[in-house]
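Working notes, structure below.
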Amino acid sequence: MKLLLRTGINRKYVLLPMLACVALIICAFLITEARRSVSRALVVTVNEQQQVLVNLTDLINAAYRSESAQRGYLLTGFEDYLEPYAESTRVARDRIDAVTDHFDHVGPEAAAELRIIQQRLAGKLAEMDTTVEMRRTGRLPNALAIVNSDVGLSYMREIQASFDRL
């Protein structure tokens with residue numbers, strides 16, 4: 001024991017384990033930072049996709065509200081239906097613009113579905129605008145003929161199917 005105290009502890013028995021511990025700590029830190037950056041990128045991607053889904057949900061709801069107001073106006077002729085109709089169609093157009101801004105952030109399959117939704121919604125809104133204008137100008141039978149042709153229903157089914165695929 002006295003010899004150990006006099007000669008001291010050999011430095012290599014202390015230095016090597018200490019260097020190994022420092023190396024392990026540095027490796028753990030680098031791995032943690034790499035995972036954190038990957039996690040941040042995933043959070044950004046998920047947030048972008050979530051925003052697209054929120055805009056799509058708002059778009060679908062606005063389209064349904066717009067169609068409801070259109071039908072109410074066609075059936076009753078009350079101008080009170082035109083305000084919610086105009087507001088809902090404005091929201092639907094705004095949301096489709098917001099969704100198309102995210103084409104770069106979604107995959108090619110999702111972008112294709114979003115384009116289908118965009119095209120079908122444009123057709124549906126044009127159909128509703130036409131029938132409302134016909135009712136406004138006294139051509140109710142023509143407006144009802146368009147509604148009875150189920151063109152709008154076809155558009156809404158295609159929009160819903162694309163939304164479900166997303």
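Could you grab me the full set of residues in segment 117-139 that are among the aliphatic types (A, V, I, L, M) and either modelled with pLDDT of 85 or more or open to solvent by 50 Å² or more (accessible area, probe 1.4 Å) (or both)? Let's see the steps before the verdict.
First, pick out the residues of segment 117-139 that are among the aliphatic types (A, V, I, L, M): 117, 121-122, 125-126, 128, 132, 134.
Of everything in segment 117-139, those that are among the aliphatic types (A, V, I, L, M) and either modelled with pLDDT of 85 or more or open to solvent by 50 Å² or more (accessible area, probe 1.4 Å) (or both) turn out to be 121, 122, 125, 126, 128, 132, 134.
Of all residues being in a helix (DSSP H, G or I) and of a type in the set (A, V, I, L, M, F, W, C) in segment 60-85, which is surrounded by the most Cβ atoms within 10 Å (Cβ to Cβ)? Just the residue, please.
Residues of segment 60-85 that are in a helix (DSSP H, G or I), as a first pass: 60-76, 79-85.
Retained after the next criterion (residues that are of a type in the set (A, V, I, L, M, F, W, C)): 60, 62-63, 69, 74-75, 82.
Values: 60: 18, 62: 22, 63: 27, 69: 22, 74: 19, 75: 13, 82: 16.
That would be 63.
Inside segment 44-94, can you point out the residues that are free of Cβ contacts under 8 Å to residues at least 60 places away in the same chain and among the β-branched types (Val, Ile, Thr)?
Answer for segment 44-94, where residues must be free of Cβ contacts under 8 Å to residues at least 60 places away in the same chain and among the β-branched types (Val, Ile, Thr): 44, 46, 54, 57, 76, 89, 91.
Per-residue answers, yes or no, for (1) outside any helix (DSSP H, G or I); (2) open to solvent by less than 20 Å² (accessible area, probe 1.4 Å); (3) basic (Lys, Arg); (4) under 15 Å from residue 164 (Cα atoms):
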residue	(1), (2), (3), (4)
52	no, yes, no, yes
58	no, no, no, yes
89	no, yes, no, no
93	no, no, yes, no
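Six or more apart or on different chains, Cβ under 9 Å: which pairs go from a residue in segment 113-125 that's without any contact (Cβ under 8 Å) to a residue 40 or more places away in the chain to one that's of a type in the set (Val, Ile, Thr) and buried (at least 18 other Cβ atoms within 10 Å of the Cβ)? Could you list them?
What qualifies is 118/96; 118/99; 122/96.
The values are calculated or read from the model by the stated rules, or taken from the named source; none is laboratory data. Keep in mind that this is a model prediction, so the values were computed, not measured. All Cβ positions, even for glycine, are placed from backbone atoms using ideal geometry, and neighbour counts span all protein chains on display. These accessible areas exclude ligands, DNA and RNA; they are computed on the full protein's heavy atoms, side chains included. Shrake-Rupley method; radii C 1.70, N 1.55, O 1.52, S 1.80 Å.
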